[in-house]
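The values are calculated or read from the model by the stated rules, or taken from the named source; none is laboratory data. Since this is a predicted model, take the numbers as computed values, not measurements. We place every Cβ from the backbone using ideal geometry, glycine too, and count neighbours over all the protein chains shown. The accessibility values were calculated without ligands, DNA or RNA, using every heavy atom of the protein model including side chains. Shrake-Rupley method; radii C 1.70, N 1.55, O 1.52, S 1.80 Å.
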Amino acid sequence: MNDWDDRAIDAALHELHGSKAPDLSARVLLALQEEQPAPLPTLASTPRRLPWLRVAAVLLVAVLVGLGAALLLVHRSSPQPVVQEVAIAIEVLAGEVACDGASVDVDTAPPAKVVQRATAGSTIAFVAGRGRRIWCPRPSTFRLGTFGVITVVRDSELEVKDMEISKVQGVVMASSLTLAVVAGVITWQSLTRSEAAATGDVVTMSAGGAPPAALVAENAELRRRVDELERQNRELSLDRERQPVSDQASTPATTVEAPPAPAASSMAFSDPRFADALAKIDWATMGAVTHEMTPVLAELVEAMTKEDAELPVDLAIKVQQLNSKLLEQVPALLAAEVPGFGANGSYTHPLVVANTLASTLQAAGQPMTSTQHQRLAGLVNAFSAEAQSIADSAHEVALDQLLAETEMKDRFFTEMGVALTPEQTKTIHPGGPSGYDGASLCDTGVTMRAHMQPIEAKNPADFAGSVTRTLSQELGLDEATEQKVRDIITRGTAADELWRDPAAAAELSQAHFLRAGRTKTALRHQVQWMRMIRQQVQLTPEQLKKLGKMSRVLVPLPR
Amino acid sequence: MTELRTITADSVQALVRAHQVEVWRSLRYLGASAELADDLVQETFLRLLRAPFVDRSPAATAAWLRTVARNFYVKSFRRPPFASTELDKIEAGWNGFAGDDGGDDTLVRLRACLEKLDARARQAVQLHYEERRSRADIGARLGLGEDGVKSLLRRARAALRTCIDRGQREEA
């Protein structure tokens, strides 16, 4: 057998064990539809002249996670090409965005740094390099290359701290971006993930698909939250010490006052602690968008459940567009500090859900009756208290909070469903329960989806191998420690409930719509095996800290 | 080849779906990573769709796509990953593997042949390809050095190749 025969079998074995050809037809179609009539720029391998910058005339605007294209600019300072900057398309969806750009005069050295500005409906090229900035004088939403959609509050400013660059046949592309939030609050949303960050935080974005490692951003976001919770804990402890026992017993944890009648465009349910900030949310838009998006989302998921289904590009784009409108409201949620695990945790807080539900039903012409309103107000009151309690508790690992929140919200959504009429239920869940996380905006799948990372695996050992490699890279484990971690994960994921349902078509699709309950089950086991690792494996304080702050749920997808 | 200058989404998707697996597989055979193969397949189809319309048979289209993909792959290196004199050998290796169906049948045979490997070789294949363990890790489990693991895997692949060839001959 010669070397090429050997290679053929090697490639075939890889394919047989999971490395399969994806369906690239939608990706090709999108690239074809969106590219400009100009050649793709390439790096010459041995340039005689050394232009500082080469700006692509082509801007392939990303439309969908994993399906779009971003482009590009090359920066060289020596005969060996050293890529330091890459141009990324910014498509402004709402508001106004300004960024560091560069002259398109490619052979001037060094290039003049120029500022580019764009308003809704236009696209500009952001020259991404360390220290380069994007800023928004007013609330804005924009699509950043293939990295996803970013929504910011007024006067937000982002700075590139780091980036990874990959090169394909001379075409240079940014594969990950680490942005520091210099001012303001941002949320970042792709079809499969979302992150939120405030001033001083750092967020790491990956181009296309699910990011391999967004731990830095997650750490930063969680660090901020932990600090805030510790502060709240201290204050609450002091309050309790000051308060007479009888007062403590009679004071509800949360006071939620229902207005006499729900209004179409204002909050139907309120809470004094968040009232001012939540009043800034455009609930009428939340309702209208949710009403419009719900059936589209259901249709998208339904389409993906079919064997060999392709991502329906039109539906996916529609979902992204509508989702962008919802995301415009998220900064206000974050500013209100509504408790929740990440941005989607705040979005699924009972108070927010109840208000969104009221405005959605209003938009659908099925407003709540005063009896329903009263009943919902009672539920919101009780579950908000529970949400606050969960947020205030200490958690050995951050995912503990997500698990507790999910279990609480599952109960809340069930109780809420009982209060609705069949017609209203149909508006919220058109076509009934889909059985997939993310198919409805009114269940905990929304939060689960933001944190899940599916991993195809044949058995617990296979899964443990993949997870351990990732953990090893992120935590810096030595070989002996790696083996111990692998063994714990193998044992910790051996439960039949994780492996009895083979991965469905929708789960293996580009959009990764996982079966309802799969992520939650994986989360429950992950919390356990993470605790076991902390207890049984000798880790450094830094490694323990990183592990504890991990916010991804690693979900086995049985092959 | 489908008339693509009318560029309907359906015709583009049909064309890509008809040929993408074979093109992707051929790139993996040359040594491209899965991610690089994805990107190069996309570029290859874009090249075809941008080019002036030429009426080709499906087989000629497939051959054209594989050649363009191979050229893209070679261009992604500073130095060619293989000598041009090797091209005949590469093509022969690919044809032997892919047959008339782009390699689908070979994969089916490979799966069956895996069951026939001796236990030790099968374990090595499983640890390397399925669990993606390092040679050192596999060696520790099998009591071999890294070179020993490398040899064991190569022998396993040779055995698999022989088994596939035998199956094809017997069927013929």
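If you scan segment A:332-366, which residues turn out to be in contact with a His (Cβ under 6 Å, 6 or more places away or on another chain), surrounded by 22 or more Cβ atoms within 10 Å (Cβ to Cβ) and modelled with pLDDT of 90 or more? Outline the logic, then answer.
The first filter runs over segment A:332-366 and keeps only residues in contact with a His (Cβ under 6 Å, 6 or more places away or on another chain), leaving A:338, A:340, A:360, A:363-364.
Pick out the ones that are also surrounded by 22 or more Cβ atoms within 10 Å (Cβ to Cβ) and you get A:338, A:340, A:360.
The one that is in contact with a His (Cβ under 6 Å, 6 or more places away or on another chain), surrounded by 22 or more Cβ atoms within 10 Å (Cβ to Cβ) and modelled with pLDDT of 90 or more: A:THR360.
Scan segment A:519-559 residue by residue and report those that are among the charged types (D, E, K, R) and in contact with a strand residue (DSSP E or B) (Cβ under 6 Å, 6 or more places away or on another chain). Lay out the reasoning, then the answer.
Kept after step one, since they are among the charged types (D, E, K, R), are these residues of segment A:519-559: A:520, A:524, A:531, A:534, A:542, A:545-546, A:549, A:552, A:559.
Those that are among the charged types (D, E, K, R) and in contact with a strand residue (DSSP E or B) (Cβ under 6 Å, 6 or more places away or on another chain): A:ARG552, A:ARG559.
Identify all residues within segment A:408-424 that are in a helix (DSSP H, G or I), over 18 Å from A:GLY517 (Cα atoms) and among the aliphatic types (A, V, I, L, M); write none if there are none.
Of everything in segment A:408-424, those that are in a helix (DSSP H, G or I), over 18 Å from A:GLY517 (Cα atoms) and among the aliphatic types (A, V, I, L, M) turn out to be A:MET416, A:VAL418.
Taking only segment B:85-104 into account, find how many residues are more than 11 Å from chain A (Cβ to nearest Cβ) and closer than 20 Å to B:GLN168 by Cα. Explain how you work it out, then say what you get.
The first filter runs over segment B:85-104 and keeps only residues more than 11 Å from chain A (Cβ to nearest Cβ), leaving B:85, B:99-101.
Narrowing further to those that are closer than 20 Å to B:GLN168 by Cα: B:99-101.
Summing the residues that are more than 11 Å from chain A (Cβ to nearest Cβ) and closer than 20 Å to B:GLN168 by Cα in segment B:85-104 gives 3.
Taking segment A:8-29 only, how many residues are outside any helix (DSSP H, G or I) and either more than 7 Å from chain B (Cβ to nearest Cβ) or at positive phi (or both)? Break it down stepwise before answering.
Residues of segment A:8-29 that are outside any helix (DSSP H, G or I), as a first pass: A:17-24.
With the extra rule that they be either more than 7 Å from chain B (Cβ to nearest Cβ) or at positive phi (or both), the set shrinks to A:18, A:20.
Residues that pass the stated criteria total 2.
Give me a count of the residues in segment A:265-291 that are within 20 Å of A:ASN323 (Cα to Cα) and not basic (Lys, Arg). Don't jump to the end; show me each part of the working.
Filtering segment A:265-291 down to residues within 20 Å of A:ASN323 (Cα to Cα) leaves A:265, A:278, A:280-291.
Subset that is not basic (Lys, Arg): A:265, A:278, A:281-291.
Of the residues in that region, 13 qualify.
Taking segment A:501-559 only, how many residues are buried (at least 21 other Cβ atoms within 10 Å of the Cβ), closer than 17 Å to A:LYS484 by Cα and of a type in the set (Phe, Trp, Tyr)?
Counting residues in segment A:501-559 that are buried (at least 21 other Cβ atoms within 10 Å of the Cβ), closer than 17 Å to A:LYS484 by Cα and of a type in the set (Phe, Trp, Tyr) gives 0.
Of (1) open to solvent by 10 Å² or more (accessible area, probe 1.4 Å); (2) more than 9 Å from every other protein chain (Cβ to nearest Cβ); (3) in contact (Cβ under 8 Å) with a residue 60 or more places away in the chain, B:THR61 satisfies all except one. Which?
Result: B:THR61 fails condition (1) only.
So which of B:PHE77, B:PHE72, B:PHE82 is open to solvent by less than 40 Å² (accessible area, probe 1.4 Å), without any contact (Cβ under 8 Å) to a residue 60 or more places away in the chain, assigned to a loop (DSSP other than H, G, I, E, B) and within 11 Å of another protein chain (Cβ to nearest Cβ)?
Numbers: B:PHE77 fails: open to solvent by less than 40 Å² (accessible area, probe 1.4 Å); B:PHE72 fails: assigned to a loop (DSSP other than H, G, I, E, B).
Within the list B:PHE77, B:PHE72, B:PHE82, the selection yields B:PHE82.
Return yes or no: is B:ARG56 more than 8 Å from chain A (Cβ to nearest Cβ) and of a type in the set (D, E, K, R)?
On the way: more than 8 Å from chain A (Cβ to nearest Cβ): yes; of a type in the set (D, E, K, R): yes.
In short, yes.
Mind listing just one residue for me: the one in segment A:438-468 that is of a type in the set (Gly, Ala, Ser) and touching a residue at least 24 places away in the same chain (Cβ under 8 Å) and, of those, nearest to the other protein chains (Cβ to nearest Cβ)? Quick ask: steps written out before the conclusion?
First pass over segment A:438-468, keeping only residues of a type in the set (Gly, Ala, Ser): A:438-440, A:445, A:450, A:457, A:461, A:464-466.
After this cut, where a residue has to be touching a residue at least 24 places away in the same chain (Cβ under 8 Å) as well, the list is A:438-440, A:445, A:450, A:457, A:461, A:464.
On the way: A:GLY438: 24, A:ALA439: 25, A:SER440: 29, A:GLY445: 28, A:ALA450: 24, A:ALA457: 9, A:ALA461: 6, A:ALA464: 9 Å.
Restricting to residues being of a type in the set (Gly, Ala, Ser) and touching a residue at least 24 places away in the same chain (Cβ under 8 Å), the top hit is A:ALA461.
When segment A:144-161 is examined, which residues are found to be surrounded by fewer than 24 Cβ atoms within 10 Å (Cβ to Cβ) and at pLDDT 80 or above?
The answer is A:GLU157, A:GLU159, A:VAL160, A:LYS161.
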